[in-house]
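Scroll down for the structure; my scribbles are underneath it.
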Amino acid sequence: MSAPARPAPAPEDAFRAAARHWSTGVAVLTTRAGEEVFAKTVSSFCTLSLEPLLVSVAVARHSPLVSAVRGSGRFAVSVLTERQHGVARRFATPGAGRALGTFTAVPMRAEATGAPVLEAALAWFDCRLHGVLPGGDHAVLVGRVAAADASPGEPLLYHDGRFRSLAHHSPGVGA
């Protein structure tokens, strides 16, 4: 006698379980609209094109940040270092990513477009809004890169529901 078949997971549950096995970098998406600064932790960021220089980032389509980016026409993406777990958690918290003026605990500066860039970021991309694409329950912001820079260091990663960092291996071939 065979064991009863295990019920198949709901498609959404299976999707989430599979997606947890995709490791990503962690970044903070920011914009300034008038006197307000908006920030949101994201893991769905990628470089898109070299000609022209484009990046994309997905955000919940009803997020106030999407409206702010549409209104200002600019945004920045700051790639976090392995030591910026606290920054990632802060801006992942609903409602914590909107301030009048600036976020005093997280130093930022304006670059080419005036969008705020995190001071201690591993890398950053300052963008003018190139387009907004529908992405289901998300909006995909496409930005034309006006300026970018990087610093030495290790990235903060996200895998299986947890923040992680790179494992360091000894240099050498076939190690």
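The values are calculated or read from the model by the stated rules, or taken from the named source; none is laboratory data. What you are looking at is a predicted structure, and each value in this text was computed from that prediction instead of being measured. Counting neighbours? That spans all protein chains shown, and the Cβs are built from the backbone with ideal geometry, glycine included. What goes into the accessible areas is simple: the full protein's heavy atoms, side chains included, and nothing from ligands, DNA or RNA. Shrake-Rupley method; radii C 1.70, N 1.55, O 1.52, S 1.80 Å.
Worth a mention:
- Note, ³J(HN,Hα) from phi for segment 145-161, Karplus 6.51, -1.76, 1.60, rounded to Hz, x at Gly and Pro: 6, 9, 7, 7, 7, 9, 10, x, x, 10, x, 7, 10, 10, 8, 6, x
- H85 accessible area, 1.4 Å probe, all protein chains in place, Å² to nearest 10: 60 Å²
- Between the amide H of R74 and those of L129, distances stay under 5 Å, these residues lying 5 or more places away or on another chain, with hydrogens modeled in the peptide plane.
- The mean accessible area for residues of the chain, using a 1.4 Å probe and ignoring ligands and nucleic acids, is 60 Å² per residue.
- Protein accessible area in the chain, 1.4 Å probe - carbon and sulfur %: 57 percent
- Distance between the modelled labels on R6 and E35, one decimal in nanometres: 5.7 nm (7 Å Cα→Cβ projection).
- Value at 222 nm in deg cm²/dmol, rounded to 500, when DSSP H runs of n ≥ 4 in the chain each add -39,500 (n - 2.57): -4000 deg cm²/dmol
- Over segment 1-76: Rg over Rh, Cα atoms, Kirkwood Rh: 1.21
- Debye equation applied to the C-alpha atoms of segment 1-159, log10 I(q)/I(0) at 0.16 Å⁻¹: -0.87
- Extending 7 Å from Cα along the Cβ direction at S151 and again at R109 yields two label points whose distance is 0.9 nm.
- Proportion of all alpha-carbon pairs of segment 69-175 beyond 23 Å (%): 39 percent
- Modelled label reach - V132, point 7 Å along Cα→Cβ, segment 70-102 residues with backbone N closer than 19 Å: 70-77, 95, 97-99
- Paramagnetic reach from L100 (point 7 Å along Cα→Cβ, amide N under 19 Å) across segment 57-71: 64-65, 68
- Solvent accessible area, Å² - T102, 1.4 Å probe, full protein context: 80 Å²
- Close amide H pairs (under 5 Å, H built 1.01 Å from N) link T81 with L122, L156, residues at least 5 positions away or on another chain.
- Remark on segment 123-170: ratio of C-alpha radius of gyration to 2.2 N^0.38 Å is 1.62.
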